[in-house]
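Engineer: Please see the structure below; I have some questions.
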Amino acid sequence: MEEIIGLSKSKVEFEEIWKRFHCALFVVLLIYGLYYTAEKYERILVRPDEAWKVRTRTEAVNGIGDLKVSDAEMLVSLEPLYVPDKFEGREMWKNPNMESVPETEKSLDITASGVNTTDASESPAAVESESGAAADSAGETTVPAVLTIYLHGNGGTPEIMTLTEAADGVSPESLSVPFRLGKVFDGWYLDAGCTIPFSGVEEGVEQLELYAGWKELAGFVSDDAGHITSCAAEGVIQDGILALPSDMACTGIESGALAAVADQVTEIYIPANITYIGEGAFENLPNLMYIEAAGGNPNYYSEGGILYTAAGEMVACPAWYTVE
């Protein structure tokens, strides 16, 4: 009886060991099968040479390795991959929007670290052609015609000035203004006699000769030193006040210059730019009551309506003044 019980127990232990062996074998086979399936799966989806290109692009974009492929190769998508019909799960890799596209035109859209592949219409040749056309278009700039201009002072300063300007940028207002004592600039002219005013550049002109035109100060006539030699009988006096020109072109007044308006003058105003007054210039003015010199005049000042030099010598006085 004990022998029967012992044999039964041994049999039970042997069956238990046998079951554990089969379980262990099954696990080993399962792991090997999964590994083999995964390796085959990878070989089917991506060929080794293409996998290397994708890995190289990815490392280059992430700054891990050196980029050993051209920029064009970075942008061009991989060649269409062929997936066997018998491969399980093939349907899940198909793009539902590409069902009507022939098998040879299907390709795998791969994005490596933010670098999107381009389609056939954006091939390197097409990109280069488009960029070249854009560069050519951008480079087609019209070079403006260059014009040489000679500005003649015609009695003013500078005597002559030479300019080189773009023809489309030249106008009467864009040119500099010369200076002349006793005269006011009256614009640029095409002739020295100042009979043909300059209004603009004519087409095809490469060289331009311009002459300064001059006119008298309003109501006065002056010499080349800027000294008033005469004045108009009308229009220069307002309410008996004679204000000499405050233009820097006018620097003084000569004796006898006020003869034409002698009986109309009751007051005289002398601006700071008048630095010369001829002897007796303000004499023979029967109605003159007051003379005023502007502050800042370097040569003259007034006090009580009487005009003095900067040194204190009396120059002119009103009609009412009597010498003691």
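The values are calculated or read from the model by the stated rules, or taken from the named source; none is laboratory data. Model, not experiment: these values are computed from the prediction. Neighbour counts are summed over all protein chains in view; Cβ atoms, including those assigned to glycine, are modelled from backbone coordinates with ideal geometry.
Engineer: Please report, ordered by residue number, the strands (runs of 3 or more DSSP E) entirely within the stretch 221-291 with at least 1 residues that are out of contact with any helix residue (DSSP H, G or I) (no Cβ under 6 Å at 6 or more places or on another chain) and without any contact (Cβ under 8 Å) to a residue 12 or more places away in the chain.
Structural biologist: none
Engineer: So which residues in the stretch 209-220 are under 17 Å from residue 182 (Cβ atoms) and either free of Cβ contacts under 8 Å to residues at least 60 places away in the same chain or not aromatic (Phe, Trp, Tyr) (or both), if there are any at all?
Structural biologist: 212, 213, 215, 216, 217, 218, 219, 220
Engineer: Same structure, new question: Would you check which residues across the stretch 204-220 are assigned to a strand (DSSP E or B), more than 25 Å from residue 248 (Cα to Cα) and of a type outside the set (A, V, I, L, M) and list them? Let's see the steps before the verdict.
Structural biologist: If we filter the stretch 204-220 for residues that are assigned to a strand (DSSP E or B), which is where we start, we get 207-216, 220.
Right, trim to more than 25 Å from residue 248 (Cα to Cα) and you get 207-209.
Residues satisfying the conditions are 207, 209.
Engineer: Another question, then. Looking at (1) under 25 Å from residue 180 (Cα atoms); (2) of a type in the set (Phe, Trp, Tyr); (3) modelled with pLDDT under 95, find the lone condition where residue 276 falls short.
Structural biologist: All conditions are met except number (3).
Engineer: Still on this structure, I have one more. Would you point out which residue out of 272, 218, 232 is within 20 Å of residue 184 (Cβ to Cβ), surrounded by fewer than 14 Cβ atoms within 10 Å (Cβ to Cβ), of a type outside the set (D, E, K, R) and out of contact with any Leu (no Cβ under 6 Å at 6 or more places or on another chain)?
Structural biologist: Answer to the check: 218.
Engineer: Moving to a separate point now. Checking residue 201 against (1) modelled with pLDDT of 95 or more; (2) assigned to a loop (DSSP other than H, G, I, E, B); (3) buried (at least 17 other Cβ atoms within 10 Å of the Cβ), only one condition comes out false. Which one?
Structural biologist: Here residue 201 meets the rest and fails (1).
Engineer: Check 257, 249 and return the single one that is under 18 Å from residue 180 (Cβ atoms) and modelled with pLDDT of 95 or more.
Structural biologist: Going through 257, 249 in turn, the sole match is 249.
Engineer: Any idea which residue in the stretch 294-312 is surrounded by the fewest Cβ atoms within 10 Å (Cβ to Cβ), counting only those that are free of Cβ contacts under 8 Å to residues at least 24 places away in the same chain and within 18 Å of residue 255 (Cα to Cα)? Quick ask: steps written out before the conclusion?
Structural biologist: Taking the stretch 294-312 as the starting set, the residues that turn out to be free of Cβ contacts under 8 Å to residues at least 24 places away in the same chain are 295, 301, 303-306, 308-312.
Still in the list and also within 18 Å of residue 255 (Cα to Cα): 306, 308-309.
Numbers: 306: 15, 308: 18, 309: 12.
Only one residue tops the list, namely 309.
Engineer: Then there is this: Which of the residues that make up the stretch 180-198 are touching a residue at least 40 places away in the same chain (Cβ under 8 Å) and loosely packed, with under 15 Cβ neighbours inside 10 Å? Let's see the steps before the verdict.
Structural biologist: Restricting attention to the stretch 180-198, the residues satisfying the condition of being touching a residue at least 40 places away in the same chain (Cβ under 8 Å) are 180-184, 192, 194.
If the condition is that a residue be touching a residue at least 40 places away in the same chain (Cβ under 8 Å) and loosely packed, with under 15 Cβ neighbours inside 10 Å, then 192 is the only one that fits.
Engineer: Return the residues of the stretch 177-195 that are assigned to a strand (DSSP E or B) and in contact with a Leu (Cβ under 9 Å, 6 or more places away or on another chain); say none if nothing qualifies.
Structural biologist: The answer is 183, 184, 188, 189.
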